[in-house]
1. Evaluate the Debye formula for segment 2-170 with equal point scatterers sitting on the alpha carbons, no solvent, and hand back log10 of I(q)/I(0) at q = 0.11 Å⁻¹, in q order, two decimals.
2. Quick one: I11, I40, I21, fewest Cβ neighbours within 10 Å first, how do they rank?
3. Under the rule of at least 5 residues apart or a separate chain, name every residue whose amide H is placed under 5 Å from the amide H of T115.
4. Taking neighbour counts of Cβ atoms within 10 Å as a proxy for exposure, in what order, fewest first, do M156, M162 appear?
5. Using DSSP to call loops (not H, G, I, E or B), can you name the trypsin sites (Lys or Arg not before Pro) in segment 1-87 whose Cβ has at most 11 other Cβ atoms within 10 angstrom?
6. What is the set of long-range amide H partners of A6 at a cut-off below 5 Å, with H atoms built 1.01 Å from backbone N?
7. Run the quick spin-label model on K56 and L117: label points 7 Å from Cα toward the beta carbon, then report their separation in nm to one decimal.
8. If one takes the longest principal axis of the Cα atoms in the chain, at what angle in degrees, from 0 to 90 and to the nearest 10, does the Cα axis of helix 117-126 lie?
Amino acid sequence: MQILIANDKHIHYAQEICDTIEESAKQRGTGIAKRTPEYITTKIQNGNAVIAIEGKKFAGFCYIETWGHGKFVANSGLIVHPDFRGQGLATEIKKKVFQHSREKFPEAKIFGITTGLAVMKINYDLGYEPVTFSELTDDPSFWNGCKTCRNYDILMRNEGKMCLCTGMLYDPIEKQKNNKAQLKHNNNSKVFKRLKSIKESLHLPKDKLDKIFKK
Ligand SMILES: CC(C)(COP(=O)(O)OP(=O)(O)OC[C@H]1O[C@@H](n2cnc3c(N)ncnc32)[C@H](O)[C@@H]1OP(=O)(O)O)[C@@H](O)C(=O)NCCC(=O)NCCS
């Protein structure tokens, strides 16, 4: 199985990608934003898509969209052909498209909206967190994409604040802060351990030390 950044050689898969997305949405009975082959082709031409192929057979796809003048990036249109499901392929495609998004748009917040449990799980493992829609892009062209979804009336009824999809967000700045805090915490633990062993070597009473360092 090859999982790669799609290029001009893959444009002929655009129709099959759209058909597979539409067919799967019908089967799931859930709403989904419709994609045209032209739209998929543009994504491929701009180097903003990841494709999986087994030999010459189409296996999976996902693409990057930018919103709010590049402040937000979405990894959308994830699809795995039914013949290749349940083997971890979606996880690998999402990893690749996430990595590509981070390299190409390092400052951007990465988000997605989904009703799919599998996608929520994959996103969570990548470091996304569930958020309310108000934390996602307010770019109207993103939300216009929902117009072709069968649940659009629900979104409208809730003034765009909630719908059946769950919003998930990866915020690189928040992640960096959390990582620093975690590092500080780990370092503090190391410092405390070292301090304790120094004090022990100075033969301070053990019960007093345990109290100080809350054994
Ligand atoms: C959803 C989809 C992309 C999953 O593809 P896949 O290659 O079978 O997924 P993976 O094998 O990588 O599974 C990822 C995780 O999700 C779980 N999962 C997969 N399909 C699931 C489902 N239908 N319901 C609940 N969990 C599911 C897997 O068990 C796995 O979890 P684990 O890591 O704990 O084992 C694929 O079924 C598909 O294309 N469906 C139609 C389109 C779609 O729903 N796209 C998402 C739109 S937001």
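1. For segment 2-170 at q = 0.11 Å⁻¹, log10 I(q)/I(0) is -0.42.
2. Final ranking by Cβ density, sparse to dense: I11, I21, I40.
3. Distant-sequence amide H within range of T115: T166.
4. Ascending number of Cβ neighbours within 10 Å: M156, M162.
5. When the trypsin sites (Lys or Arg not before Pro) of segment 1-87 are filtered for loop state and at most 11 Cβ neighbours within 10 Å, K56 remain.
6. Under 5 Å from the amide H of A6 lie the amide H atoms of A49, V50, I51, each far enough along the sequence or on another chain.
7. Once both label points are built, they end up 3.8 nm from each other.
8. With rounding to tens, the tilt is 50 degrees.
Laboratory data are not the source of any read-out in this text; all were calculated from the coordinates shown. Quick caveat: nothing in here was measured; it's all calculated off a predicted structure. Positions of Cβ are generated from backbone atoms using ideal geometry, with glycine treated the same way; all protein chains shown enter the neighbour counts.
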